[in-house]
Amino acid sequence: MKLKNILILACIALLFGSCRKDFTEIDTNPQGFTSASDGSLFNGVIQSLMLTWNEQFYINNEILYAQTQQAALTKAAWGNYTLGTEDLWSNYYKTLPSIRELEKRFGEYPSSAAVTNMKAMLTIVKAYKTFKLTDMFGDIPYSEAGYGYQDLSKLYPSYDSQRDIYLSLLTELETAAASINDTAKVAEPFASFANFDKLFNGNLLMWKKFANSLRLRHALRMSEKEPALAAEIIGEILENNLPVLNGYDFLSLALESACIWPAANGISNPSLSWSFREHNGLRMGSNIWNQFSASNDPSGSGIFDPRAYIFFEGDQDERWMPYPQLPDPGTPSAQGIPYGSHRDDMGNYHIKNNVNYSPFNFFIIADENNLPIILMTGAEVHFIKAEIYLRGIGVAADRDLADIEYMNGIQASVEWWKRRAQSMRLPLSGVRFSDKITIPSNLSTVSILNQRFGSWYAQTDEQLLAFIQTQRWIDAFRQPWEAYAEVRRTSLLPREGDALKHYRMPYPPSEAQYNANNMNEAIGRQGGDGPGTKIWWIP
């Protein structure tokens, strides 16, 4: 009887212990893992890269777009941001046990190139997910987390410092990238496993590029706090010409990226349109408008960047009207229903119900099938390399190389987004972007450079660095979490009003219920739990 009670208590602990890290059905039942194939578990890990509903609504739309000033929040009407932090937290910790199970399996299989490649792919996805979470919260449970179904002593995992997490992940990524054998003959178990790879469809070279690109991104991110180690990582990648995601090389377009493509995976992304339709508080802000247009002419005659037509659209009367980033008491409130599903009809597309400020382009928020969830693009890698060469981090400073990478980044970004526009269509009516929107033919990379952002306009290296970082910020328009990282990392991004004072998301309330002691220790170590507490890598 005592044994039975112990088992019951153990099951309860599994269900409700520690940040809800181990209490989905599959996580609390080892037999569930046993009956699931490696590929199906990995497929679940890949699918977890999809943005959750509340993450998009309460984190991206309510907080991050406003903090990054990639858009303007016309009204802060939703105070339930904890619904978003809970989604971020549970998405990671409900997936982590599957990752740990796969790690365990791969460690027990006979050594082979196939198993090594599978292990590397898993490591790279784990690194992406972990970087994203720690960059939002700072210290998080990591090294002991996800093992609760295997070891009851780890039901309440301690928090690792963000520094330790970064260094661990960067080391693991180095090993993963170096171990991938993209010339090995396709054999089992990799042949079956690759069928579940919905990120790169088993293309091992792309996995290697993604790993090295992530290393560049996060080495640069920590370069102010760990300059010697960051320089070592960056130098190793660039001096040895290790493969990274490529956008453009002056000869041909590559437009490589790491994305989750809903339609290609046989799924849709209805949470995208829902988050904008129900929120309805975002409009084009004056800050980003000033990076797209040389004047405030509502006809759009001053627009020099074609991405303005992809990211935003006109008001009810097709006028380009930015909402002030810093509205005064007399600023008219935002009106209309620009994100309503009624617009997904050939006859109703232009009916915005008296919208008086430029909204997000309806296609970019309504296309739940063809617009990808972006993890990283070749354009971003060009901008990262441009900053590295300009500042001489891990490599000799070279303004000419910085300029080449900078212009490659703009070209790659513009062409990548143009192609996204060409493929966008509304899910119900099938109306295509090109059916309703024409991007003026005179707008291109050349117009962006000639009007304002050509490197020849930069009188100092700091001005050129500001150009590089601004273009990276623009390219990350549908990655506000990445733009949020950049806004926290550098003070050179365009900004209206006071400097940023929002540095992290508070831990979700569930942590205080399930893992309070470890959470409180982490809060004390970091100096607080509020948005004003800086995470480790912020200068």
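Tabulated data
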| quantity | calculated |
| --- | --- |
| Rounded to 10°, Cα long-axis angle of helix 38-47 versus longest principal axis of the chain | 30 degrees |
| Charged-residue dipole, Cβ positions (Lys, Arg, Asp, Glu), segment 137-236 about Cα centre, Debye nearest 20 | 360 debye |
| Equivalent ellipsoid, segment 455-539 (semi-axes from 5 times Cα gyration tensor eigenvalues, Å) | 34, 13, 10 |
| Dipole magnitude (debye, nearest 20) for the chain, charges at Cβ of Lys, Arg, Asp, Glu | 620 debye |
| Average Cα contact separation per residue, segment 296-443, under 8 Å, 6 or more apart, as relative contact order % | 25 percent |
| Column: log10 I(q)/I(0), Debye, Cα scatterers of segment 307-386, q = 0.11 Å⁻¹ | -0.41 |
| Mean projection area, nm², convex hull over Cα of the chain | 26.0 nm² |
| Excluding exposed DSSP-loop trypsin sites (Lys or Arg not before Pro) (at most 13 other C-beta within 10 Å), longest clean stretch of the chain | 186-500 |
| Between segment 406-420 and segment 472-536, the alpha-carbon center distance in angstrom | 29 Å |
| Cα-based reach from LYS352 at 19 Å (exclusive), listing aspartates and glutamates while leaving out same-chain residues under 8 positions away | GLU278, GLU313, ASP315, ASP317, GLU318, ASP344, ASP367, ASP435 |
| Segment 305-340-segment 168-194 distance, computed between alpha-carbon centres (Å) | 46 Å |
| Average projection area in nm² (convex hull over Cα atoms of segment 222-365, one quarter of hull surface) | 14.0 nm² |
| Relative contact order [Cα under 8 Å, 6+ residues apart], the chain, whole percent | 19 percent |
| Ranked SER35, SER257, SER434, SER271, criterion: other C-beta atoms within 10 Å, fewest first | SER35, SER434, SER271, SER257 |
| Likely footprinting exposure, GLU232, GLU256, GLU380, fewest C-beta neighbours within 10 Å first | GLU232, GLU256, GLU380 |
| Value at 222 nm in deg cm²/dmol, rounded to 500, when DSSP H runs of n ≥ 4 in the chain each add -39,500 (n - 2.57) | -15000 deg cm²/dmol |
| Crossing angle, helix 480-489 versus the chain [Cα axis fit, 0-90 degrees, rounded to tens] | 90 degrees |
| Residues TYR349, TYR93, sorted so that the one with the fewest Cβ neighbours within 10 Å comes first | TYR349, TYR93 |
| Over 31 Å between alpha carbons, listed pairs LYS132/LYS208; LYS94/LYS209; LYS132/LYS198; LYS418/LYS501 | LYS418/LYS501 |
| Angle between the chain longest axis and helix 227-239 axis [Cα atoms, degrees, rounded to 10] | 80 degrees |
| Per-selection metrics, segment 147-237 (Cα): Rg and Dmax in Å | 16.7, 44 |
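Since every read-out is calculated from the coordinates, none of them should be taken as a lab result. Values in this document were obtained by computation on a predicted structure and should not be read as measured data. Neighbour counts run over all protein chains shown; Cβ positions are idealised from the backbone, glycine included.
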